[in-house]
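The values are calculated or read from the model by the stated rules, or taken from the named source; none is laboratory data. None of the values given here were measured: they were computed from a predicted structure. We place every Cβ from the backbone using ideal geometry, glycine too, and count neighbours over all the protein chains shown.
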Amino acid sequence: MGSSLWTVCLIFASLTSAAVCANPRKPVDVKFGRNYVPTWAFDHIKYFNDGSDIQLHLDKYTGTGFQSKGSYLFGHFSMNIKMVPGDSAGTVTAFYLSSQNAEHDEIDFEFLGNRTGQPYILQTNVFTGGKGDREQRIYLWFDPTKDYHRYSILWNLYQIVFFVDDVPIRVFKNSKDLGVKFPFDQPMKIYNSLWNADDWATRGGLEKTDWSKLHS
Ligand SMILES: *[C@@H]1O[C@H](CO)[C@@H](O)[C@H](O)[C@H]1NC(C)=O
């Protein structure tokens, strides 16, 4: 990975999953290309183990991302991800579901990087009919750059549940009866991406991406 800066590693198993660079858990091998396609900057995605593990790379020119070929109405979606290690300030790694229309629905995990030794923030959000503004932020109880962890979204007609390693961290209930919109009729695709967002990601944008840091 000599010339690339930041890397996120992902492993593909079953329908959904993504994450890290070294000796991850091996469920059933399914190649990336069976369920996913790169979305932009194809040359910033690197493939390992015959295409069942991948890494996303970010440099000062571009990040990258991929999306599922299929669309899904409800489901349980998981990615095994190992975040950008070291100085990741200014970077955002995302795993989310989204519909493709203007008044779109979206269910987000966003991982906001930080200076070496400072904690990542995990931000979740839910958009219904194009409207978001439901961000919630937590600190994780582990260093997400050390190992692969499994991040999951359970989405059914009753609720959306965000899990970190099988620990539910957020529930968004279907309160349609109370007049709150809930995603129920727009199929969503699965997305992952890594990009530079140093105008807001780390300490509200105070900490900028340090492009002189080279990871290998
Ligand atoms: C980064 O570290 C600082 C200092 O510990 C903390 O205030 C902040 O919430 C951390 N995370 C992000 C993404 O800014």
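Per the listing LYS208, LYS189, LYS181, LYS176, the residue uniquely more than 16 Å from the ligand (Cβ to nearest atom), of a type in the set (Lys, Arg) and either in contact with a Cys (Cβ under 8 Å, 6 or more places away or on another chain) or at pLDDT 95 or above (or both) is LYS189. One residue is enough: does the stretch 124-137 have a residue meeting the conditions in contact (Cβ under 8 Å) with a residue 60 or more places away in the chain and either in contact with an Asp or Glu (Cβ under 6 Å, 6 or more places away or on another chain) or under 17 Å from ASN80 (Cα atoms) (or both)? Scanning the stretch 124-137, I find no residue that is in contact (Cβ under 8 Å) with a residue 60 or more places away in the chain and either in contact with an Asp or Glu (Cβ under 6 Å, 6 or more places away or on another chain) or under 17 Å from ASN80 (Cα atoms) (or both), so the answer is no. Tell me, please, whether a residue that is in contact (Cβ under 8 Å) with a residue 12 or more places away in the chain, under 18 Å from PHE182 (Cβ atoms) and in a loop (DSSP other than H, G, I, E, B) can be found in the stretch 55-67. Among the residues of the stretch 55-67, not one is in contact (Cβ under 8 Å) with a residue 12 or more places away in the chain, under 18 Å from PHE182 (Cβ atoms) and in a loop (DSSP other than H, G, I, E, B), which makes the answer no. For first residues located in the stretch 173-191 and under 16 Å from LYS131 (Cβ atoms) and surrounded by 12 or more Cβ atoms within 10 Å (Cβ to Cβ), partners that are modelled with pLDDT of 95 or more and of a type in the set (Val, Ile, Thr) and lie 6+ apart or on another chain with Cβ distances below 6 Å form the pairs LYS181/THR128; PRO183/THR128. If only residues of the stretch 110-120 that are within 8 Å of the ligand (Cβ to nearest atom) and surrounded by 18 or more Cβ atoms within 10 Å (Cβ to Cβ) are counted, the one that is farthest from VAL161 (Cα to Cα) is ASN114. Of all residues in the stretch 138-155, those satisfying the criterion of being surrounded by 13 or more Cβ atoms within 10 Å (Cβ to Cβ), within 22 Å of LYS213 (Cβ to Cβ) and either away from the ligand (no atom under 15 Å from the Cβ) or touching a residue at least 40 places away in the same chain (Cβ under 8 Å) (or both) are PRO144, THR145, ASP147. When the stretch 38-86 is limited to residues that are hydroxyl-bearing (Ser, Thr, Tyr) and crowded, with 18+ Cβ neighbours inside 10 Å, the one that is nearest to the chain's Cα centre (by Cα) turns out to be SER78.
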